[in-house]
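Undergrad: Right, I'll just put the structure down here and ask away after.
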Amino acid sequence: MKRIIILSICVLIFASCGKKNVFDEQRTFANNNWQRFSTESFEVPIRNIDDCYHLYMDLVIDTAFFCENLLPLTININGPDGSNRMFYGYVRVRDNGRWQGTFEGGNLHVSQRVRQYFFFNTKGTHEVVIGQATSHYDLYGIVSAGLRIEKAELNFPK
């Protein structure tokens, strides 16, 4: 019995150490419409500023109403120390006429990295604010948008 408990604890520790996702949250839009000046805000807790991260956008799209090839994004990161960092990201929804991602339940699911090898400069809760930056006020066909942050592996040559 002791061996089973010890083995279970070891499996649990191993599984939690292999976890790469630091943050994963999805937002749904009313009427599948992401309005131009409507931003989505995510509260991201950061415990270790020595770690490096990749930032991903996960989109669910109704392709019957969405006609863009590229979805430009504005990404603002407000730190707990009052700092503000801003950059643009892009999600390629279609490439040479082909939808990117996979179809599930009648909708297209696209997951793309919008920033790689990113370091947060302070510990604490960071507010990540994401907005769509197209020229359209109403961007129909976006069912949901999500932010996913994964710990990145830095492999320096020896």
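Quick note: the coordinates plus some simple rules give every number you see, no bench work behind them. All values reported here derive from a predicted model rather than from experimental measurement. So basically every Cβ, Gly included, is an ideal-geometry build from the backbone, and we count neighbours across all protein chains shown.
Undergrad: When the dipole is taken about the Cα centre of the chain, and only Lys, Arg (+1) and Asp, Glu (-1) are charged at their Cβ, what size is it in debye, to the nearest 20?
TA: Using only the charged Cβ atoms, the result is roughly 640 debye.
Undergrad: For segment 26-126, state which chymotrypsin sites (Phe, Trp or Tyr not before Pro) are in a DSSP loop and have at most 12 other beta carbons lying within 10 Å of their beta carbon.
TA: 37, 119
Undergrad: Just need the relative contact order of the chain here, percent rounded to a whole number, with Cα pairs under 8 Å and 6+ apart. Could the numbers behind the result be given before it?
TA: Numbers: 332 pairs, mean separation 68.0, N = 158.
In percent, rounded to a whole number, it is 43.
Undergrad: Moving to a separate point now. Express in nm, to one decimal, how much length is gained between residue 85 and residue 133 on full extension, taking 0.36 nm for each residue of separation and deducting their alpha carbon distance.
TA: 15.6 nm
Undergrad: Toward the positive end of the charge dipole of the chain, about the Cα centre and with charges on Cβ (Lys, Arg +1; Asp, Glu -1), which of 116, 61, 74 goes farthest?
TA: Ranked along the dipole, the leading option is 116.
Undergrad: Next question, about the same structure. Would you mind checking the tilt of helix 2-17 against the longest principal axis of the Cα atoms of the chain, expressed as 0 to 90 degrees and rounded to 10?
TA: That works out to roughly 40 degrees.
Undergrad: Any idea how far apart residue 92 and residue 123 come out in nm if each label point goes 7 Å out from Cα toward Cβ?
TA: My value for the distance between the label points is 4.0 nm.
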